[in-house]
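Comments concern the structure below.
The values are calculated or read from the model by the stated rules, or taken from the named source; none is laboratory data. If you're wondering where the values come from, they're calculated on a predicted model, not measured in any experiment. Glycine also receives a Cβ, built like all others from the backbone with ideal geometry; neighbour counts cover every protein chain displayed.
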Amino acid sequence: MKLPVFCPSCENTLNVSQMKCNDCGTEVSGNYEMPLFLKLNWEEQQFIMDFFLASGSIKEMAKQAGNSYPTMRNKMDDMIEKIKNLKC
């Protein structure tokens, strides 16, 4: 099941309020902010994983995706900008 990260009503970022251990049943409640990575949509998360698995090589990512280097560089720049905005 996909973890919801945005409110279906207003589209703001959701916080985690409860976690449960499936083994012993312990529950932890509170109001915790989601990690930055989980605030990204699935496609953006996949892009970051692909970058990591390509050893940080945009050139290699472009080759694997069948895109040009400038196209992949633009996607990277867009991701960087989005992450900077999420951190504010």
Checklist entry - Identify, please: which residue in segment 4-40 is in contact (Cβ under 8 Å) with a residue 24 or more places away in the chain and in contact with a helix residue (DSSP H, G or I) (Cβ under 7 Å, 6 or more places away or on another chain) and is, among those, farthest from K84 (Cα to Cα)? => result V5
Item to check | Residues satisfying the stated conditions in segment 49-88, i.e. in contact with a Phe, Trp or Tyr (Cβ under 7 Å, 6 or more places away or on another chain) and β-branched (V, I, T) | outcome: I58
Next on the checklist: Against the definition (surrounded by 12 or more Cβ atoms within 10 Å (Cβ to Cβ), part of a helix (DSSP H, G or I) and modelled with pLDDT of 90 or more), how does I48 come out, yes or no?
Outcome noted: yes
Next on the checklist: What are the pairs with Cβ atoms under 8 angstrom where one residue, in segment 65-80, is more than 16 Å from Q46 (Cα to Cα) and the other, located anywhere, is loosely packed, with under 15 Cβ neighbours inside 10 Å? Sequence gap at least six, or different chains.
Outcome noted: Y69/K59
Checklist entry - If you go through segment 32-39 one residue at a time, do you hit one that is closer than 16 Å to L3 by Cα, surrounded by 14 or more Cβ atoms within 10 Å (Cβ to Cβ) and among the basic types (K, R)? => result yes
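One line per residue, one yes/no per condition, for (1) of a type in the set (A, V, I, L, M, F, W, C); (2) under 13 Å from the mean Cα position of the chain (by Cα):
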site: S9; (1), (2): no, no
site: K39; (1), (2): no, yes
site: E44; (1), (2): no, yes
site: S57; (1), (2): no, no
site: M79; (1), (2): yes, yes
Checklist outcome for this item: Per the filter on segment 54-70, residues outside any loop (DSSP other than H, G, I, E, B) and exposed (fewer than 12 other Cβ atoms within 10 Å of the Cβ) are K59, P70
